[in-house]
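Everything on this sheet refers to the single structure shown next.
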Amino acid sequence: MPFWGLQKQLGIDVDSFLLRQSMAQPHGQAAACHAFEREWVECGHGLGQTRARRECQLEYEDFMECMKRTKL
């Protein structure tokens, strides 16, 4: 069965908020925390939720530090 962009066709946005930095940016420039989010997503890809929380904790903490700007 072919993949259809049903959400885009209907004009609804259900799950794109999950990847904040990876979305298309207005001026085509990568967002500030894009690299941290990418590392976190690549680490957790294919592991499953339980294992990814345990094994990708460092990447997630780096991403949250960048998003919240706690350690500048």
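The values are calculated or read from the model by the stated rules, or taken from the named source; none is laboratory data. If you're wondering where the values come from, they're calculated on a predicted model, not measured in any experiment. All Cβ positions, glycine included, derive from the backbone under ideal geometry; neighbour counts span all protein chains shown. SASA here: full protein model, heavy atoms, side chains in, ligands and nucleic acids out. Shrake-Rupley method; radii C 1.70, N 1.55, O 1.52, S 1.80 Å.
So which residues in segment 44-72 are surrounded by 14 or more Cβ atoms within 10 Å (Cβ to Cβ) and small (G, A, S)?
G44, A52
Taking segment 41-72 only, how many residues are part of a helix (DSSP H, G or I), among the polar types (S, T, N, Q) and at pLDDT below 90?
Total satisfying the criteria: 2.
Does segment 26-40 contain at least one residue that is assigned to a helix (DSSP H, G or I), open to solvent by 90 Å² or more (accessible area, probe 1.4 Å) and modelled with pLDDT of 70 or more?
Yes.
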